[in-house]
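The values are calculated or read from the model by the stated rules, or taken from the named source; none is laboratory data. This is a predicted model, so every value here is computed, not measured. As a convention, Cβ positions derive from the backbone with ideal geometry for all residues, glycine included, and neighbour counts pool all protein chains shown.
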Amino acid sequence: NSVFAHVVQAPEDPILGVTVAYNKDPSPVKLNLGVGAYRTEEGKPLVLNVVRKAEQQLVADRSRVKEYIPIAGLADFNKLSAKLMFGDDSPAILENRITTVQCLSGTGSLRVGGEFLAKHHHQPTIYIPTPTWGNHPKIFTLAGLSVKTYRYYDPTTRGLNFHGLMEDLGSAPSGSVVLLHACAHNPTGVDPTLQQWEQIRKLIRSKGLLPFFDSAYQGFASGSLDADAKPVRMFVADGGELLAAQSYAKNLGLYGERVGALSIICGSSDVARRVESQLKLVIRPMYSSPPIHGASIVATILKDRDLFHEWTIELKGMADRIISMRHQLFDALRKRGTPGDWSHIIKQIGMFTFTGLNKEQVEFMNKEYHIYMTSDGRISMAGLSTKTVPHLADAIHAAVT
Ligand code: PMP
């Protein structure tokens, strides 16, 4: 007997549950394309060389201790993270109109930002795209915000529903928060063009909406950290306010270290200092202060010219391998004469391809080919290799014919 006897079994997380099922499958040909984590050509997780180097430096430094770090995290890490996202010469940084706090990766940054908005923003409603990363609605609802959606993806063109997006944001109540994927939209792989971003920016500013960028893939989309940050920087350049959540999970491969940052750009330095004081009140009762190790790795790399340069090369290597997987899969389907237009595989951006395969086709590929992916037909291109492309192409071909 238990006081918890009434507790019902919860379903597996829709994304992480894919790996749970994959791990149980004894098939030698099984393929996990569910989780958004980078794999090498050999299918192995990758620890970047620069990360190994930074860790060696940290271990060798005997003066380093394990004291608590401040509630807002490591000061160096915060400054350097803001520069990485907004640019060295960002007016918001030069004018001190920004506060950056170290958080538990992208998820923790979104949650802390959400809780701050629920407490202090006059319009505690957030608009998220449909579809979006499955954790977004849960994070913001639990943070205390009212979650609404705006149209984003058009299944018929497998591209952006720009008209629907503009219409929905255009009718959002003034002051509403708008969640925007900074680049490499998850799960669709569809991003606005820079011209479209400019129109979105104008609309958001003219309607008095508040942009909240989720940047989980900086550098992973194009291979360039600066190019992927362009849309965010357009919103900083106009002098307006915004929030941005950064994750180092993908671009530095620091998944399990849980390193990220929340920045809030404010109208004045005075406001920014007060906002920071309130962010600390959000963080303190939640987890007191963030962990030291991952942020120290990031700070070590960001402040050392050589390590930083080496990182950009390794990052581009990851992005290029993903892009090459897109081409190999596209070519393999063409070679098989698979019916349908598959050009979206090479057009979409970032870690995922939103295949357009339906639930039944996904189930068929799982049962007959031991291929694992989320039920919306999203596949992680980072989990694919030259060796496994033919197996996936065979499965897709069989699923649609
Ligand atoms: N936002 C998006 C769009 C993501 O895809 C992810 C990772 N799947 C995250 C945020 C956060 O990931 P993490 O908490 O591991 O940094």
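Looking at region 310-318, is at least one residue in contact with a Gly (Cβ under 7 Å, 6 or more places away or on another chain) and in a helix (DSSP H, G or I)? Talk me through it step by step, then tell me what you get.
Restricting attention to region 310-318, the residues satisfying the condition of being in contact with a Gly (Cβ under 7 Å, 6 or more places away or on another chain) are 315-316.
Remaining after also requiring in a helix (DSSP H, G or I): 315-316.
Looking for residues that are in contact with a Gly (Cβ under 7 Å, 6 or more places away or on another chain) and in a helix (DSSP H, G or I), one finds at least one in region 310-318, hence yes.
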Exercise. When both residues are 6+ apart or on different chains and their Cβ atoms are under 7 Å apart, which pairs have a first residue that lies in region 46-69 and is free of Cβ contacts under 8 Å to residues at least 24 places away in the same chain and farther than 14 Å from residue 304 by Cβ, and a second that is of a type in the set (A, V, I, L, M) and loosely packed, with under 12 Cβ neighbours inside 10 Å?
Worked result: none
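Would you mind stating whether residue 164 is within 16 Å of the ligand (Cβ to nearest atom) and farther than 22 Å from residue 265 by Cα?
Numbers: within 16 Å of the ligand (Cβ to nearest atom): no; farther than 22 Å from residue 265 by Cα: yes.
So residue 164 fails the test.
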For this session: Scan region 257-272 and give yes if some residue there is hydrophobic (A, V, I, L, M, F, W, C), within 11 Å of the ligand (Cβ to nearest atom) and more than 30 Å from residue 157 (Cβ to Cβ), otherwise no.
Result: yes
For this session: State which residue pairs qualify: first residue over 24 Å from residue 352 (Cα atoms) and inside region 125-150, second residue of a type in the set (D, E, K, R) in any location, beta carbons under 8 Å apart, and separation of 6 or more residues or different chains.
Result: 125/148; 126/148; 142/111; 143/111; 143/115; 144/115; 144/119
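For region 165-186, how many residues are surrounded by fewer than 16 Cβ atoms within 10 Å (Cβ to Cβ) and within 24 Å of residue 110 (Cβ to Cβ)?
Taking region 165-186 and keeping what is surrounded by fewer than 16 Cβ atoms within 10 Å (Cβ to Cβ), we get 167, 170-171, 173-175.
Adding the requirement that they be within 24 Å of residue 110 (Cβ to Cβ) leaves 173-175.
Qualifying residue count for the region: 3.
Mind listing whichever residues of region 212-239 are surrounded by fewer than 18 Cβ atoms within 10 Å (Cβ to Cβ) and of a type outside the set (Lys, Arg)?
So in region 212-239, the residues surrounded by fewer than 18 Cβ atoms within 10 Å (Cβ to Cβ) come out as 224, 226-227, 230, 233-234, 237-239.
Across region 212-239, the qualifying residues are 224, 226, 227, 234, 237, 238, 239.
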Problem set entry | Tally, over region 110-139, of residues that are within 14 Å of the ligand (Cβ to nearest atom) and in a loop (DSSP other than H, G, I, E, B) | 4
For this session: Confirm whether residue 111 is surrounded by 16 or more Cβ atoms within 10 Å (Cβ to Cβ) and modelled with pLDDT under 95.
Result: no
For this session: Take residue 247 and decide whether it is under 16 Å from residue 78 (Cβ atoms), surrounded by 21 or more Cβ atoms within 10 Å (Cβ to Cβ), away from the ligand (no atom under 12 Å from the Cβ) and of a type in the set (S, T, N, Q).
Result: no
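Can you spot a residue in region 359-367 that is aliphatic (A, V, I, L, M), within 23 Å of residue 26 (Cβ to Cβ) and at pLDDT 95 or above?
Narrowing region 359-367 to residues aliphatic (A, V, I, L, M): 362, 365.
From what is left, the residues that are within 23 Å of residue 26 (Cβ to Cβ) are 362, 365.
Pick out the ones that are also at pLDDT 95 or above and you get 362, 365.
Checked against the condition, which is being aliphatic (A, V, I, L, M), within 23 Å of residue 26 (Cβ to Cβ) and at pLDDT 95 or above, region 359-367 yields at least one hit.
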Problem set entry | Residue list for region 238-271, filter: within 13 Å of residue 98 (Cα to Cα) and assigned to a helix (DSSP H, G or I) | 269, 270, 271
For this session: Take region 140-184 and flag every residue that is part of a strand (DSSP E or B), closer than 30 Å to residue 224 by Cα and among the small types (Gly, Ala, Ser).
Result: 159
For this session: Give region 68-99 a look and list any residue that's away from the ligand (no atom under 16 Å from the Cβ), of a type in the set (S, T, N, Q) and under 28 Å from residue 186 (Cα atoms), or say none.
Result: 78, 90, 99
Problem set entry | Single residue of 11, 28 found to be over 21 Å from residue 368 (Cβ atoms) and either out of contact with any helix residue (DSSP H, G or I) (no Cβ under 6 Å at 6 or more places or on another chain) or among the acidic types (Asp, Glu) (or both) | 11
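Is it the case that residue 265 is touching a strand residue (DSSP E or B) at 6+ places or on another chain (Cβ under 7 Å) and more than 17 Å from residue 106 (Cα to Cα)?
In short, yes.
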Exercise. Within the group 189, 223, which residue is part of a loop (DSSP other than H, G, I, E, B) and within 16 Å of the ligand (Cβ to nearest atom)?
Worked result: 189
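Only one of 294, 356 is at pLDDT below 95, small (Gly, Ala, Ser) and surrounded by 15 or more Cβ atoms within 10 Å (Cβ to Cβ). Can you tell me which? Let's see the steps before the verdict.
Values: 294 fails: at pLDDT below 95.
None of the others qualify; the one that does is 356.
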Exercise. Taking residue 142, is it within 16 Å of the ligand (Cβ to nearest atom) and surrounded by fewer than 17 Cβ atoms within 10 Å (Cβ to Cβ)?
Worked result: yes
For this session: Could you tell me whether region 276-292 includes any residue that is within 14 Å of the chain's Cα centre (by Cα) and within 16 Å of the ligand (Cβ to nearest atom)?
Result: no
